[in-house]
1. Considering only segment 87-165, give the helices (runs of 4 or more DSSP H) lying wholly within it that have at least 2 residues that are more than 12 Å from the chain's Cα centre (by Cα) and closer than 16 Å to Arg220 by Cα.
2. Which residues, taken from segment 166-181, are closer than 17 Å to Ser217 by Cα and either in contact with a Lys or Arg (Cβ under 7 Å, 6 or more places away or on another chain) or not in a strand (DSSP E or B) (or both)?
3. Leu50 passes all but one of (1) at pLDDT below 90; (2) farther than 30 Å from Leu214 by Cβ; (3) not acidic (Asp, Glu); which number fails?
4. Pull out all pairs, ordered by first then second residue, where Cβ-Cβ is under 9 Å, the residues are six or more apart or on different chains, the first lies in segment 225-249 and is free of Cβ contacts under 8 Å to residues at least 60 places away in the same chain, and the second is crowded, with 17+ Cβ neighbours inside 10 Å.
5. If only one of Ile178, Ile205, Ile263 is modelled with pLDDT under 90, of a type in the set (A, V, I, L, M), within 40 Å of the chain's Cα centre (by Cα) and over 30 Å from Ala28 (Cα atoms), which one is it?
6. Of the numbered conditions (1) over 30 Å from Ile166 (Cβ atoms); (2) part of a helix (DSSP H, G or I), Ile194 fails exactly one; give the number of that condition.
7. When segment 12-40 is examined, which residues are found to be among the basic types (Lys, Arg) and at pLDDT below 90?
8. Which residue pairs have Cβ atoms closer than 7 Å, lie 6 or more positions apart in sequence or on different chains, and pair a first residue in segment 46-60 that is surrounded by 16 or more Cβ atoms within 10 Å (Cβ to Cβ) with a second residue that is of a type in the set (S, T, N, Q)?
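The values are calculated or read from the model by the stated rules, or taken from the named source; none is laboratory data. For clarity, every value in this text was computed on a predicted model and none was experimentally measured. Here the Cβ positions follow ideal geometry from the backbone for every residue, glycine too, while neighbour counts run over all protein chains shown.
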Amino acid sequence: MLSSSDIDKKKKAFYAIEDIVSAMKAYAGVTIRKTEEMVLNVRAYEDNMLYAMADIIAHFPGITFEKLEGKRILIAFGSSQGLCGPFNENIAAVISDSMNNNDTLFIIGRRLKSSIESRHITYAGYSDSIVSVSGIPSALNEIASQIMNVYKEEEYYNLTFIFTYIYEKMPKISVEKILPPDVNILNTLKPIKITPLIYLEPRKIFNKILEELLYISLYRGYLESLRSENWYRMRSMEGASENLKRHISELDSLQKYARQEEITEEMIEILGSGMFYRR
């Protein structure tokens, strides 16, 4: 049986771990709140890009999506950090179910890459994930041009994102087609009645809108993924915190029992030594 001093050392170690878990919970909570506010603004900007595209198509009928079919590029958003439960495994399972032989897969996140490799799924590109909102711009500059160069090839037509988002406090995985935009949705958007005055060719404006739509959609994918990753991490840390509290409580009881046994042994030794006996 462990001595009370040994148990006390174990308790101190658990308390130190509990402090780390509490700090991680606090950071995850801050990230969730921050990304939740930003996602709303990014979605509004994304809608504005769709409105602009609808205006260009409505007032300049010669601009259409020329290709009718082609290969698909999949962009899967995962995490590079651990302690987020089944976050990456769930995305890998969706990729395994939805990916075709002709699809080209790009992976974001070191942990997701490991999950994909364990399933023996081939991928064309990989980039590291982000750990905070401040890391999104540099990550976007790295991957946006790479994806756009591949997408502009004639054999590619469909660009689809796979990411986790939080809906009604529950995680959901979205397989969302980004490019080309849904023509039916564009037709439902009401364009402005007055033809816009432009000094550039409509096709150039249209291509720039496509690039901007890709950029802001990637931004939203990073935000949604970061928010979901920290949602999973928050739940994992809550479970770890409960386990730590239970272990500490058990050690408290064990320490009291061990201390009682030690006091009893000390009393027996004192009584056995004859210290309290007189002739």
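1. 136-151
2. Just the residues of segment 166-181 that are closer than 17 Å to Ser217 by Cα, to begin with: 166, 173-181.
Within segment 166-181, Ile166, Pro180, Pro181 qualify.
3. The single condition Leu50 does not satisfy is (2).
4. Correct list of pairs: Gly239/Gly85.
5. Details: Ile178 fails: over 30 Å from Ala28 (Cα atoms); Ile263 fails: within 40 Å of the chain's Cα centre (by Cα).
Within the list Ile178, Ile205, Ile263, the selection yields Ile205.
6. (2)
7. Scanning segment 12-40 gives no hits.
8. Sorted first by the residue in segment 46-60, then by its partner, the pairs are Glu46/Ser217; His59/Thr195.
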